[in-house]
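Every read-out reported here was derived from the displayed coordinates using simple, explicitly stated rules and does not represent laboratory data. All values reported here derive from a predicted model rather than from experimental measurement. No Cβ is skipped: glycine too gets one built from the backbone with ideal geometry, and neighbour counts run over all protein chains shown.
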Amino acid sequence: MVGEREAEKTTHHHVRSSTIWNGVPSGITQTVFILDLVEKNETVELLVSPRVDFGGYHVSGTKQTTVHLVIDDFVDQWQQQWTEQSGLAGTLSFESRPEFPVTIIAKTEFAEGGSIETSRYEEIQFASDSN
């Protein structure tokens, strides 16, 4: 019985994604990946990585990507920026209310103008919901 209890863990379920193109061709796509999810004490840590596919379009200059984490219509304190397409850990407040989706918004701005904004909606199922 103890083995079953130990097997419980926090998981995520992808609900949907949406993208807004602002002055860039729709052939340029951006995907937000969740590489890992770890529950620590009363927080959940997400390792997030956005990837941009230029689809054969030439885009010069450095791109800037900003990621925001939104939970329950409240913008969490976690906001990060980076210029490389690498993973990034973020911590969100632990709330055992899986009916509210977590939203991850990645916005990439291009040096020659335009931007692309991708939203990913996740349901978080907490292992400790049985409290």
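May I ask you to evaluate 6.51 cos²θ - 1.76 cosθ + 1.60, the Karplus curve with θ = phi - 60°, for each residue of segment 55-61 and list the ³J(HN,Hα) values in order in whole Hz, giving x for glycine and proline?
Result, rounded to whole Hz: x, x, 7, 8, 10, 9, x.
Would you pull out the residues with amide H under 5 Å of VAL24's amide H, same chain only if 5 or more places away, H placed 1.01 Å from N?
Answer set, sorted by chain and number: SER115.
Once you put a point 7 Å from the Cα of GLU112 and another 7 Å from the Cα of SER17, both along the Cβ direction, what distance in nm separates them?
Modelled inter-label distance: 2.4 nm.
So what's the net charge close to ASN22: Lys and Arg +1, Asp and Glu -1, counting the other residues with Cβ under 11 Å from its Cβ?
Summing Lys/Arg as +1 and Asp/Glu as -1 gives -1.
Order 48-54, 11-17, 64-70 from most to least packed using the mean count of other Cβ atoms within 10 Å.
64-70, 48-54, 11-17
Which net charge results for the neighbourhood of SER119, defined as the other residues with beta-carbon distances under 11 angstrom from its beta-carbon, given Lys and Arg at +1 and Asp and Glu at -1?
Net charge around SER119: +1.
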